[in-house]
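The values are calculated or read from the model by the stated rules, or taken from the named source; none is laboratory data. What you see is a predicted model; the values in this text were computed from it and never measured. Here Cβ is always computed from backbone atoms with ideal geometry, including for glycine, and neighbour counts include all displayed protein chains.
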There are 2 protein chains.
Amino acid sequence: MKLPALSQYLPILDWGRRYDRDRFVGDMVAAVIVTVMLIPQSLAYALLAGLPPEAGLYASIAPILLYAVFGTSRVLAVGPVAVVSLMTAAAVGNIVDSGTAGYIAAALTLAFLSGLMLLTLGVFRLGFLANFLSHPVIAGFITASGILIAASQLRHILGIEAKGHTLIEITTSLWSNLYAANPITIVLGLSATAFLFWVRSGLKPLLQKIGLPPLLVDIGVKTGPVLAIIATTLAVWGFELADQGVAIVGAIPQSLPPLTLPSLSPDLISQLLVPALLISIIGFVESISVAQTLAAKKRQRIDPDQELIGLGAANIGASLTGGFPVTGGFSRSVVNYDAGAKTPAAGAFTAIGLMLAALFLTPLIHYLPKATLAATIIVAVLSLVDFSILKRAWTFSRADFAAVAATILLTLLLGVEVGVTAGVITSILIHLYKTSRPHMAVVGRVPGTEHFRNVRRHSVETQPHVLSLRVDESLYFPNARFLEDHVAQYAADKKDLTDVILMFTAVNEVDLSALDSLEAINTRLREADIRLHLSEVKGPVMDRLKRSYFLDELTGEIFLSQHEAVKALDEEAPATG
Amino acid sequence: MKLPALSQYLPILDWGRRYDRDRFVGDMVAAVIVTVMLIPQSLAYALLAGLPPEAGLYASIAPILLYAVFGTSRVLAVGPVAVVSLMTAAAVGNIVDSGTAGYIAAALTLAFLSGLMLLTLGVFRLGFLANFLSHPVIAGFITASGILIAASQLRHILGIEAKGHTLIEITTSLWSNLYAANPITIVLGLSATAFLFWVRSGLKPLLQKIGLPPLLVDIGVKTGPVLAIIATTLAVWGFELADQGVAIVGAIPQSLPPLTLPSLSPDLISQLLVPALLISIIGFVESISVAQTLAAKKRQRIDPDQELIGLGAANIGASLTGGFPVTGGFSRSVVNYDAGAKTPAAGAFTAIGLMLAALFLTPLIHYLPKATLAATIIVAVLSLVDFSILKRAWTFSRADFAAVAATILLTLLLGVEVGVTAGVITSILIHLYKTSRPHMAVVGRVPGTEHFRNVRRHSVETQPHVLSLRVDESLYFPNARFLEDHVAQYAADKKDLTDVILMFTAVNEVDLSALDSLEAINTRLREADIRLHLSEVKGPVMDRLKRSYFLDELTGEIFLSQHEAVKALDEEAPATG
């Protein structure tokens, strides 16, 4: 057996070795574009998370570098993202008041815990756990989170205070503070929002129409927030609007990311454990979806377990450098990809750009109104809101619809943590309910073939004294008794029965409860002088049955195929055929 | 459509109409035997539940009558049982101190809540929920409960105080109070225990050897506790042992069951809600197992949902007449059955017998030592302890073993409520884990047939450019991505591939996440110029797929059978065959 190469755990050894001039230029161009876009985004997500704006810059620097070393995606850009920032605000805001030193410390601890969890999941190769978040649940959760985020940012547009982590809390809080709304802030906020919407819906088609190449169109659109920031900052500075009550970002320290140590008080840890787990899983799912989407375009491979390690390192890095929980972001990664990033070095160059910004640009945004940042968040997240998943799920299956609807409703009404947990639990319960009442079909032979299908859906041949029953589910505890009852029912309905064949094509598992039921069925049928046969038992199931006494007691036989079973019973009793 | 007959909800209308002299005699004989056996048992289980002894008698009277009206089993005897009494002690003991009026009131509330829950489950026909307690979990739980019960009763044998609901709590409590042990109580308790063990292990074979008919042997054995009670009561009375510190039952009111009203304080209800649910489910599972075992012997049918109603009525009855949670008991029902009970009227006669006992016999047991009652409990429950389930599960499947082991361990270490909950959750998690990494098999044709099997287990024919993959699991969110990865892997390994056939024999369900994965697989294979086909898609799955766009986008075809699929691809490209 070969030990895994070191490069499996340090993907940088793989791409770093082949780095050249061409790749350098591509990476450099992408880095400049992403840096310009990331500055307002980072500030805005820090605001969303309830943290001082510089935390957003810090959270974008070390994580990008660490992901470049440990991650497997060539173009994923790691940093603060909307949904995780919202979850951070919800988790930390439940424990400490925003604006305090304790709040910042708790955010560091949250990032640290989340990093540890991601690393642990990665080392133990438990990435598959993220699959328990079904697609509809994720879609519903993102939509509901988008609404919550937009609602929570309205307060900055209105220039008032408001709290809360559910739609009802936020709206009542907004409503009761509405009297204090600041007209100038509202004008600034609404203008910025309108401008940013126009950039998306008006500028983009315009640039496309005048024949700009797609990359430039995209850059034009993505620099919209920068323009809004420059314009509103100048307005606040020029007209001295801060004196009129417009909330501004204010003084930001000019510094590289500070070295910080997350608090490890057991009390804090125990309160943040569940939120950290949820943030880890949601962050991982978001990140891996982006990474896989982009990798598929270039036929590259993403290793989910290594991704966990990359994101874990990034979060631990964030917690040690004044940041907060981060993950791979959709918009920044797409820009990075479209701008031509070739390797994770692009991320490293972006980190350098952001470091320069943290050192030299922060005085320039002193007068940046918070309303502008809120506007960039609102416009960004409203593009996440997409109720079409409800319709799609409804058309396809009521079960999926129930899971989406529960996720959306509970996220809006009870917050992100309850919402996503409820979504997962609902999906699992629905699955258990369905498998507890499996579909069963009486089957007969499709004429002229060796193929057996449901007598109700196909025109097939059956034998009078033989019941061929296809069990459409693995046999395990929730449905074991159901099978017993059904076979008893079928046997009772068909008085001249001599043989029952259970067709095991769809039985992928037989557990001990089901074995007990099979033994009970065998015994009861024997008492009624009916033999029990099995057909098409799969290898793994057969291996399992051989470890029990069931095969010794079975009154009938195990047939390789349903066709052989029916043929054998036919030959045995030609008179009844 | 016919409305359900009233007799479906009131089974008494069915058997009551055909009642005759023969049945009366059978029922009467059974009732006398059961009454004699139930008196010590009821007192003992009240002691186990932490309640005054008369509560045991009361809990046996109204419930028997109500079950006779609403239950479907002809011979089930409802009343206090060991495991439910232990769970009652655990639930109520967590809230109120034993021996107080509040304790008795909380036990009434617990019975009331449990009754309401059982009724609700019955009316909404949710009896299948009990199936989520798998056989191994039940077996493990009963074994662990037996140990806990025996340990908890040791204090009466030793004549000391001891508390606790876990094995560690009980043993440390026993140990620290051991200095106060009463030697006379120990002699009485150990003698009674030894005598009762001898009745089971020595007397029974003896009676069988002298040729007594089985029923009389059984009656002889079952009257053992009565003999022990008479002997030890006389000893305590004759030698005035109560003055020597032997704990006795003491004064019991001579009365019919009192009318009681359970407390409905919201605080108490919220504390008892979860225990009541667990007691309801455990009680229901125990009861229905007994009922079905006995019904099967006479080919009678038990309706699980109607049983819920019967047990619900019995528990509400218990809560209104000074009792505590009850269910169908194994030993009393078997005696009832063996003694020849024909109809639920036997239960009614037993109730009358117990009423007479409550009215006239209670003064006779004033001097009954508690140690004797403890001895009857210990001997009874140790027969429930059976670790062989561990070995059986280990041989059959590690998953079942894990569920049993978790149940036994956690019940002993953390108590009944945690134990049984952990058992259910472990079983479900194991199932989810297994289905999240489904077995897949590359299949080929068994020569000379139309049957396709795993290439690794059977000698089969395959085609060079076609990959036939049998997916051995329903496709749903936990395994959707797993399928994507695997198909990609197989396709990458087989360079000259032109066609992939997914054989859907074992796919009983496709949810929205899996649909997304199928679409992704289709797209990726198309980009590599490989067609995707499905074969043997079941009716319900096909119905589902038709509601999506997947079939429009599918590059290949849907074949009725795997054989047809391979034949069609063969004919299409005869040169490659």
Extreme residue, surrounded by the fewest Cβ atoms within 10 Å (Cβ to Cβ), among residues of the range B:359-371 that are of a type outside the set (Phe, Trp, Tyr) and assigned to a loop (DSSP other than H, G, I, E, B): B:His366
Being part of a helix (DSSP H, G or I), buried (at least 22 other Cβ atoms within 10 Å of the Cβ) and either within 14 Å of another protein chain (Cβ to nearest Cβ) or without any contact (Cβ under 8 Å) to a residue 12 or more places away in the chain (or both): is that true of B:Ala139 here? yes
I need the helices (runs of 4 or more DSSP H) fully contained in the range A:249-342, keeping only those with at least 1 residues that are basic (Lys, Arg). A:266-297, A:330-338
I'm checking my understanding of the structure. Among residues of the range A:419-458 that are over 27 Å from A:Gly140 (Cα atoms) and of a type in the set (Gly, Ala, Ser), which one is nearest to the other protein chains (Cβ to nearest Cβ)? A:Ala441
Might you let me know whether the range A:170-181 holds any residue that is surrounded by 19 or more Cβ atoms within 10 Å (Cβ to Cβ), within 32 Å of the chain's Cα centre (by Cα) and outside any helix (DSSP H, G or I)? no
Exactly one of these conditions fails for B:Arg547: (1) facing chain A (nearest Cβ under 9 Å); (2) surrounded by 15 or more Cβ atoms within 10 Å (Cβ to Cβ). Give me its number. (2)
Filter the range B:115-173 for residues that are basic (Lys, Arg) and over 30 Å from B:Ile430 (Cβ atoms) and give the result. B:Arg155, B:Lys163
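The rows are residues; the columns are (1) over 23 Å from B:Arg445 (Cβ atoms); (2) modelled with pLDDT of 90 or more.
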position: B:Asp485; (1), (2): yes, no
position: B:Leu532; (1), (2): no, yes
position: B:Lys546; (1), (2): yes, yes
position: B:Gln562; (1), (2): no, yes
I'd like the full set of residues that are crowded, with 20+ Cβ neighbours inside 10 Å and of a type in the set (A, V, I, L, M, F, W, C), limited to the range A:117-128. A:Met117, A:Leu118, A:Leu119, A:Leu121
Which one of the conditions (1) of a type in the set (Gly, Ala, Ser); (2) assigned to a helix (DSSP H, G or I); (3) surrounded by 18 or more Cβ atoms within 10 Å (Cβ to Cβ) does B:Ala162 fail to meet, given that it meets all the rest? (2)
Filter the range A:375-432 down to the residues that are buried (at least 20 other Cβ atoms within 10 Å of the Cβ) and of a type in the set (Phe, Trp, Tyr), then identify the one that is farthest from B:Ser548 (Cα to Cα). A:Phe401
Within the range B:288-310, does at least one residue satisfy the condition of being of a type outside the set (A, V, I, L, M, F, W, C), in contact with an Asp or Glu (Cβ under 8 Å, 6 or more places away or on another chain) and surrounded by 15 or more Cβ atoms within 10 Å (Cβ to Cβ)? no
When you scan the range A:1-82 for helices (runs of 4 or more DSSP H) that lie fully inside it, which ones turn up with 3 or more residues that are free of Cβ contacts under 8 Å to residues at least 12 places away in the same chain and in the same structural domain as A:Ser98 (by TED's automatic domain parsing)? none
List pairs: first residue in the range B:471-489 and in the same structural domain as B:Glu509 (by TED's automatic domain parsing) and on the phi < 0 side of the Ramachandran plot, second residue among the aromatic types (Phe, Trp, Tyr) and assigned to a helix (DSSP H, G or I) anywhere in the structure, Cβ distance under 8 angstrom, at least six positions apart or on different chains. B:Phe477/A:Phe132; B:Pro478/A:Phe128; B:Pro478/A:Phe132; B:Arg481/A:Phe128; B:Phe482/A:Phe128
Check on A:Gly415, outside the structural domain of A:Ile168 (by TED's automatic domain parsing) and on the phi > 0 side of the Ramachandran plot: yes
Name the residue that is farthest from A:Ala130 (Cα to Cα), counting only residues in the range B:459-511 that are within 14 Å of chain A (Cβ to nearest Cβ) and small (Gly, Ala, Ser). B:Ser459
Exactly one condition in (1) surrounded by fewer than 19 Cβ atoms within 10 Å (Cβ to Cβ); (2) in contact with a Ser or Thr (Cβ under 9 Å, 6 or more places away or on another chain); (3) of a type in the set (Ser, Thr, Tyr) is not met by B:Ser474; state its number. (1)
Filter the range B:202-247 for residues that are charged (D, E, K, R) and within 39 Å of the chain's Cα centre (by Cα); the one that is modelled with the highest pLDDT is B:Lys209
Every residue from the range A:530-544 that is hydrophobic (A, V, I, L, M, F, W, C) and away from every other protein chain (no Cβ under 12 Å): A:Ile530, A:Leu532, A:Leu534
Could you tell me which numbered condition B:Leu469 fails, if it satisfies all but one of (1) in contact with a Leu (Cβ under 7 Å, 6 or more places away or on another chain); (2) in a helix (DSSP H, G or I)? (2)
Which condition from (1) in contact with a Leu (Cβ under 8 Å, 6 or more places away or on another chain); (2) polar (S, T, N, Q); (3) under 24 Å from A:Pro464 (Cα atoms) is the one that A:Ser561 breaks? (1)
Check on A:Leu148, assigned by TED's automatic domain parsing to the domain that holds A:Ala313, closer than 30 Å to A:Leu241 by Cα and under 22 Å from the mean Cα position of the chain (by Cα): yes
Does the range B:512-529 contain at least one residue that is among the acidic types (Asp, Glu), more than 10 Å from chain A (Cβ to nearest Cβ), out of contact with any Phe, Trp or Tyr (no Cβ under 8 Å at 6 or more places or on another chain) and in contact (Cβ under 8 Å) with a residue 60 or more places away in the chain? no
Tell me the residue from B:Ala380, B:Ala374, B:Ala351 that is touching a residue at least 12 places away in the same chain (Cβ under 8 Å), in a helix (DSSP H, G or I) and over 19 Å from B:Ile252 (Cα atoms), please. B:Ala380
Filtering the range B:529-544 down to residues that are farther than 18 Å from B:Asp511 by Cβ and surrounded by 14 or more Cβ atoms within 10 Å (Cβ to Cβ) yields B:Ile530, B:Arg531, B:Leu532, B:His533, B:Ser535, B:Glu536
Given (1) within 25 Å of A:Met87 (Cα to Cα); (2) more than 14 Å from chain B (Cβ to nearest Cβ); (3) in a helix (DSSP H, G or I), index of the condition A:Asp400 fails: (2)
Within the range A:390-411, can you find the residues that are of a type in the set (A, V, I, L, M) and under 23 Å from A:Ile168 (Cα atoms)? A:Leu390, A:Ala402, A:Ala403, A:Val404, A:Ala405, A:Ala406, A:Ile408, A:Leu409, A:Leu410
Only one of (1) touching a residue at least 12 places away in the same chain (Cβ under 8 Å); (2) surrounded by fewer than 24 Cβ atoms within 10 Å (Cβ to Cβ); (3) more than 10 Å from every other protein chain (Cβ to nearest Cβ) does not apply to A:Ala144, and that is (2)
